[in-house]
Amino acid sequence: MNLYDVIHRRRDVRAEFTGAPVPDDVLDRVLTAAHAAPSVGLSQPWDFVLVRDPDVRRAFHDHVRTERDAFAATLTGDAAARFARIKIDGVLEAGLSIVVTYDAERGGPAVLGRHAIADAGLYSVCLAVQNLWLAATAEGLGVGWVSFYREPYLRDLLGIPEGIRPVAWLCVGPVTHLETVPDLERHGWRHRRPLDAAVHHDRW
């Protein structure tokens, strides 16, 4: 696949994981791609926690379900009905999860390029996540970003040091297929806006 094919083929995977392991050489290529991401001041403020332990994944899944229920309780009517049909994670289905973290102190105290934009380091971590996701897609893997969790819970679960921020829990693994239409569009939760609605010239 060329780069544009990978970009448009990439999906946030929930239900399509097979549970098969990720081969070590493939995982190494995917993590190498993530680690090659650009970062503010060359700080490389990310770390990757590889989670395979079924008990840890089950504990996290229970927490995710609690947060899902909390969000569901805020919905009514059609929104509640639509959300009830949406699967929000593949934590148990994927045999591997990768938690990507952010260390704001790495490269400090003076991180070149971050003095005016404090979040530039966090943006760098997101670039590493995107590199990981595109590389995984090129390798025929699926990736699903789980966002229904509380950071203090995840920090405690994985023994992440204080001051290190967990940014993304990513479910990663072989899939039966990748959907041609993203899940949230298929379930009618929201539809993409066209590019021309997002482009401005010279001023907003």
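The values are calculated or read from the model by the stated rules, or taken from the named source; none is laboratory data. Quick caveat: nothing in here was measured; it's all calculated off a predicted structure. Methodologically, a virtual Cβ is constructed for each residue, glycine included, from the backbone with ideal geometry; neighbour enumeration extends over all protein chains shown. All accessible areas refer to the heavy atoms of the entire protein, side chains included, with ligands and DNA or RNA removed. Shrake-Rupley method; radii C 1.70, N 1.55, O 1.52, S 1.80 Å.
The table that follows gives values for the structure above.
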quantity	calculated
Where the range 10-97 is the region considered: accessible area per residue in Å², 1.4 Å probe	51 Å²
Projected-area average for the range 87-204 over all orientations - Cα convex hull basis, square nanometres	10.7 nm²
P(r) weight above 11 Å for the range 68-110, C-alpha pairs, percent	76 percent
Percent accessible area from carbon and sulfur atoms, the range 1-135, protein chains only, probe 1.4 Å	56 percent
Charge dipole (debye, nearest 20) of the chain; +1 at Cβ of Lys and Arg, -1 at Cβ of Asp and Glu	520 debye
Average accessible surface area per residue within the range 102-204, 1.4 Å rolling probe, Å²	61 Å²
Heavy-atom accessible surface of the range 148-204: percent carbon and sulfur, 1.4 Å	53 percent
Relative contact order (%) - criterion: Cα under 8 Å, at least six apart; region: the chain	36 percent
Global geometry of the range 1-93, whether rounded, prolate or oblate, following the gyration tensor of its Cα atoms and the 1.5 cut on a/c	prolate
Kirkwood estimate for the chain, i.e. one over the average of 1/r between Cα atoms, Å	18.4 Å
